[in-house]
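Written out below as structure tokens is the structure these notes cover.
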Amino acid sequence: MRSRKRTASGEVVVVKEAADPETSNNNGATASSFKKHRRDSCVNAAAGNGSTAENGDKSGIRGGKGDRSDSRVVGSSTSTMALGNSNHAEIDEDLHSRQLAVYGRETMRRLFASNILVSGMQGLGAEIAKNLILAGVKSVTLHDEGAVELWDLSSNFVFSESDVGKNRALASVQKLQELNNAVIISTLTTKLTKEQLSDFQAVVFTDISFEKAIEFNDYCHKHQPPISFIKAEVRGLFGSIFCDFGPEFTVVDVDGEDPHTGIIASISNDNPALVSCVDDERLEFQDGDLVVFSEVHGMTELNDGKPRKIKNAKPYSFTLEEDTTQFGTYIKGGIVTQVKQPKVLNFKPLRDAIKDPGDFLLSDFSKFDRPPLLHLAFQALDKFVSDLGRFPVAGSEEDANKLISIAGNMNESLGDGRLEDINPKLLRHFAFGSRAVLNPMAAMFGGIVGQEVVKACSGKFHPVFQSLPTEPVDPSDFRPLNSRYDAQISVFGSKLQKKLEDAKAFIVGSGALGCEFQKNIALMGVSCGNQGKLTITDDDVIEKSNLSRQFLFRDWNIGQAKSTVAASAAASINPCLKIEALQNRVGPETENVFDDTFWENLTVVINALDNVNARLYVDQRCLYFQKPLLESGTLGAKCNTQMVIPHLTENYGASRDPPEKQAPMCTVHSFPHNIDHCLTWARSEFEGLLEKTPAEVNAYLSNPVEYKTAQRTAGDAQARDNLERILECLEKEKCVTFQDCISWARLRFEDYFVNRVKQLIYTFPEDAATSTGAPFWSAPKRFPHPLQFSTADPSHLQFVMAASILRAETFGIQIPDWVKHPQMLADAVDKVTVPDFQPKKDAKIVTDEKATTLSTASIDDAAVINELIFKLELCTKNLPQGFKMKPIQFEKDDDTNYHMDLIAGLANMRARNYSIPEVDKLKAKFIAGRIIPAIATSTAMATGLVCLELYKALDGGHKVEDYRNTFANLALPLFSMAEPVPPKVIKHGGMSWTVWDRWILRDNPTLRELIKWLKDKGLNAYSISYGSCLLYNSMFPRHRERMDKKVVDLAREVAKAELPPNRKHLDVVVACEDDDDNDVDIPQVSIYFS
């Protein structure tokens, strides 16, 4: 259960119908049609302990005077920036496809029309600006009056040593502009006035006094329309966020999830009415939800589109707050769909929130008392800086005590609202690190604040109101060393810094997570010392769709190896980084590269992977070699992190998510009831027609004798199907001219969307019944209707065009330009002769949901195979010399290749058959291309959280309760931190062990010595195996002859083990029981033979 605490004061739910922002076609919407509404959020967060060095000033915007030159503020006036205005450049779907999967087009259009100010270009400001530029806002103005210091280099990835002394904003422009040339980036380097804020839809301040913040916030709050105001700061291992999006801010989509749906099984004529749904999938409705009904037969009164409130929501039923006694009797069918409601939030301005911050969204329930204390701590720090003109000095007890005194006085002035304990120890840590901006904190908070700006500009997702505390780490030696890591040293001391620099780290993957990790590690100084080394690996190359999240890559890097480009970019952030880039996939096949010595020498492993199997393999390697593994993943606005620490926590593979539910094959092929089924079928047909069949043809043509022998030997339904497909492709459906390809495409349309449907309803008429007498076409089955092809229907012509072009590509036929001219294509299609359909009386249509194949075996398969081979031999004589087909592999990210055009066409025509709502090509691409929704903000937050734990992992000596696993959803927002789960402990005879333990026998033992070694522990070995081969079993008398042989020799002789020269040991699995014949799970046993 992930509980959360959220303010309710002043929140109003708007219960009115509103167009879905993601599907609305109203491009002329003005500000009045999109109600700009805002809410205050005060966030205080501690992610550990703090300590700091000196410096600071008393100006409103903190920082040195630096360069005072002024650059133009770019941005249109608010009157031309009405939210919802879509009249600007189209979205580059190749670049933003993963982000579109999270936000949708309407939200992206609003983002593209937004001008943002980011004030304060230290580490946090740079991270926020990076995330907004990657997201694609219209413009970002960077403001900073101060100059770059050496101190800044441990938190800001855009600065280098050559930038020291330059204005921070000016020094940031070039590298930030490289992230996205479509975003206008400008600078301001002089003191801001409140009137300048009217040029922006949202303003973010990362280094500002409370006095100045209140002045600016009051202006933004009262401005018409209100300007979204965010104040965020990171102080050592503590952070704070305050949001005010105005007196009334409308959240058009609270969570970003698709509306839940259900397929109706029955509706009672009652007051209130009971609605039951099929048990195909659990309902996700909650009491109080509004729903609409459609396609209901009988009780048609419910099909009026009116939202209705539900209650008593259960997994497969709910009660409707409506009297249906006078309605028609329910007959069949019906879809119920959740109606997502906008929500109005009433934000308080900063001056009110300081006095009454409201409730805090807790993330770590072991520290429920922290947020109010940190709220007080940040006010005390502001007064300290205001009074002394500087921050507390790192390690200064005098300054820490002064801060504690200020906090105490403030607390006493609160009267009944004062805190019982102001925790001087925590405030001491806070004082020590108050000037430092740590990169992991900047990354984490940069992700959160970046997402808040997106919400402010779009109304997508629920704004933040939260606190993120974690346990501080005791500081040691804080003295600055005049190095780029001084800010970090002021928090953790130089001893931990040395451990970071000497670490030998391994980052697996150089995608979105990998890029962020490499940036963080370079800034933190990990693997930057003489003894350190960072190894990264990724076998992928850079694609255009990567550029909106994988920020180390530029458009000129497309086609290059990810790991090589990322390594070069990371080294430019910190030239001291000792980095090696490899292009190998990590797995059993590359254990010659990532061998025992490689794993044994590592200090820590960080996964930046996008698939479970690779994660499990790395997890097993870390388990075996007892290395810390820092795991994380993202899905849209959600992210999670897991710490895998030797002997302290369970491993990654100890708990698994349940497998995704797969639709039965018969549902996909004959009885679809949602667009996912149609797209799954379309993807399958695409691969069968354009990849698998041409590949099968080439396999036959390259070696006919061997191929025919293999099919005769198999002699099954699959072999028969293979031969039938080849023969069909080379004889009946062979294409020589492009007109042949058009004929093929037109006849495919007739086969898929006309003939097959006619056959289905011939076999199962609308009044058909099952063997039990129940209606065959009952929910969730949908009764289909055949289509009527028409050249006047653009979608029909689009299908023929895409199919004929791709068919021509497989046959190597030149594609004429006229195919893209609708009238000329229609003329060519009209020439195709379409035979009349004749239903088959003995057609077999699979209806068994447990069936795994549509092929049915036959007693005469062997005879049919011989006949097919004979026909194939005859038809291949007519092929040109050296004829080969060109199989087409599905590529979703190239919009010019017609792959998605064909798949979307296949799916939508099928959806039309079954009266299922159709989707556009982009939505089809998300589903059929299995695109994982991804945005830069959640990636940044996940890596920041992981790198905070990296401090602990490299420091060593921490207890399991010091570590934190995190689940976060930036959309809600929800932040949940918890201690990792310890590993399961097995006990036997005074001994105990966990999955982390490995028993080692050295000196090349014999089988007898191994068994005796176990016997001495009170364990009777009855089975010993290497890999899948049994070396010993007590049940087999002949195995006793092996007792005096070396275990390694048995592995070579019996299991045919090929042990490479660099291998020093082998691992055997031993099954044991105790003296009472109870099985005992023992650790893996490693036999060292050299």
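The table below gives the values:
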item: Positions within the stretch 141-186 being under 23 Å from Met108 (Cα atoms) and of a type outside the set (A, V, I, L, M), in sequence order; result: Thr141, Gln177, Glu178, Asn180, Asn181, Ser186
item: Complete set of residues in the stretch 626-643 that are out of contact with any Lys or Arg (no Cβ under 9 Å at 6 or more places or on another chain) and of a type in the set (A, V, I, L, M, F, W, C); result: Leu630, Leu635, Ala637, Cys639
item: Residue identified as surrounded by fewer than 23 Cβ atoms within 10 Å (Cβ to Cβ) and at positive phi among Gly633, Gly559; result: Gly559
item: Helices (runs of 4 or more DSSP H) completely within the stretch 880-982 that count 2 or more residues being surrounded by 21 or more Cβ atoms within 10 Å (Cβ to Cβ) and assigned by TED's automatic domain parsing to the domain that holds Phe517; result: 936-955
item: Which listed residue is modelled with pLDDT under 95 and either closer than 28 Å to Ala505 by Cβ or outside any helix (DSSP H, G or I) (or both), from Ile1024, Ile1000; result: Ile1000
item: Any hit, the stretch 231-247, residues being of a type in the set (D, E, K, R) and surrounded by fewer than 23 Cβ atoms within 10 Å (Cβ to Cβ); result: no
item: Which numbered condition Thr810 misses (of (1) at pLDDT 95 or above; (2) exposed (fewer than 14 other Cβ atoms within 10 Å of the Cβ); (3) at negative phi); result: (2)
item: Pairs where the first residue, in the stretch 576-597, is assigned by TED's automatic domain parsing to the domain that holds Arg621 and within 21 Å of Gly514 (Cβ to Cβ) and the second is part of a strand (DSSP E or B) and β-branched (Val, Ile, Thr), C-beta under 6 Å, 6+ apart; result: Glu580/Thr535; Ala581/Ile536; Leu582/Thr537; Asn584/Thr537; Val586/Val508
item: Cβ pairs under 7 Å, 6+ apart, first in the stretch 1056-1075 and part of a loop (DSSP other than H, G, I, E, B), second among the β-branched types (Val, Ile, Thr); result: Asp1074/Val1080
item: Residue match in the stretch 651-658 (condition: buried (at least 20 other Cβ atoms within 10 Å of the Cβ), in contact with a Leu (Cβ under 6 Å, 6 or more places away or on another chain), farther than 30 Å from Gln99 by Cα and modelled with pLDDT of 95 or more); result: yes
item: Residue under evaluation Pro839, criteria (1) modelled with pLDDT under 95; (2) assigned to a helix (DSSP H, G or I), criterion not met; result: (2)
item: Which listed residue is surrounded by fewer than 14 Cβ atoms within 10 Å (Cβ to Cβ) and in the same structural domain as Pro822 (by TED's automatic domain parsing), from Val736, Val754; result: Val736
item: Which numbered condition Gly989 misses (of (1) out of contact with any Gly (no Cβ under 9 Å at 6 or more places or on another chain); (2) over 15 Å from Tyr1088 (Cα atoms); (3) touching a residue at least 12 places away in the same chain (Cβ under 8 Å)); result: (1)
item: Of all residues in the stretch 344-377 being crowded, with 20+ Cβ neighbours inside 10 Å and among the basic types (Lys, Arg), the one that is modelled with the highest pLDDT; result: Lys348
item: Pairs where the first residue, in the stretch 143-171, is within 14 Å of Leu438 (Cα to Cα) and the second is polar (S, T, N, Q) and buried (at least 24 other Cβ atoms within 10 Å of the Cβ), C-beta under 7 Å, 6+ apart; result: Asp152/Gln122; Ser154/Asn439; Ser154/Gln488; Ser155/Gln122; Ser155/Asn439; Asn156/Gln122
item: Of all residues making up the stretch 1031-1044, the number that are touching a residue at least 12 places away in the same chain (Cβ under 8 Å) and either in contact with a strand residue (DSSP E or B) (Cβ under 7 Å, 6 or more places away or on another chain) or closer than 14 Å to Arg1008 by Cα (or both); result: 6
item: Residue that is nearest to Tyr700 (Cα to Cα) [pool: residues in the stretch 860-879 that are surrounded by 11 or more Cβ atoms within 10 Å (Cβ to Cβ) and charged (D, E, K, R)]; result: Glu873
item: Residue satisfying condition, being surrounded by 14 or more Cβ atoms within 10 Å (Cβ to Cβ), closer than 29 Å to Gly123 by Cβ, among the hydrophobic types (A, V, I, L, M, F, W, C) and without any contact (Cβ under 8 Å) to a residue 24 or more places away in the chain, within set Ile573, Ile542; result: Ile542
item: Condition met for Ala719 (in a helix (DSSP H, G or I), more than 21 Å from Lys886 (Cβ to Cβ), assigned by TED's automatic domain parsing to the domain that holds Ala803 and free of Cβ contacts under 8 Å to residues at least 12 places away in the same chain); result: no
item: Number of positions in the stretch 143-169 that are over 24 Å from Trp556 (Cα atoms) and surrounded by fewer than 22 Cβ atoms within 10 Å (Cβ to Cβ); result: 9
item: Residue pairs meeting the criteria (Cβ under 7 Å; at least 6 apart or on separate chains; first surrounded by fewer than 16 Cβ atoms within 10 Å (Cβ to Cβ) and in a loop (DSSP other than H, G, I, E, B), in the stretch 271-283; second modelled with pLDDT of 90 or more and among the charged types (D, E, K, R)); result: Asn271/Asp323
item: Qualifying residues in the stretch 866-879 (those that are of a type in the set (A, V, I, L, M) and not in a loop (DSSP other than H, G, I, E, B)) - the one farthest from Glu724 (Cα to Cα); result: Leu874
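Let's see how each residue does on (1) closer than 30 Å to Arg782 by Cβ; (2) under 42 Å from the mean Cα position of the chain (by Cα); (3) modelled with pLDDT of 95 or more:
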position: Ala682; (1), (2), (3): yes, yes, yes
position: Glu685; (1), (2), (3): yes, yes, yes
position: Glu691; (1), (2), (3): yes, yes, yes
position: Asn698; (1), (2), (3): no, yes, yes
position: Asn703; (1), (2), (3): no, no, no
position: Gln711; (1), (2), (3): no, no, no
position: Asn722; (1), (2), (3): no, yes, no
position: Arg725; (1), (2), (3): yes, yes, no
position: Asp740; (1), (2), (3): no, no, yes
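Yes/no matrix, rows are residues, columns are (1) farther than 30 Å from Asp595 by Cβ; (2) charged (D, E, K, R):
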| residue | (1), (2) |
| --- | --- |
| Val981 | yes, no |
| Leu1001 | no, no |
| Glu1009 | no, yes |
| Gly1027 | no, no |
| Met1043 | yes, no |
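The values are calculated or read from the model by the stated rules, or taken from the named source; none is laboratory data. Note that this is a predicted model, so its numbers are computed, not measured. Cβ sites come from the backbone with ideal geometry, for glycine too, and all protein chains shown count toward neighbours.
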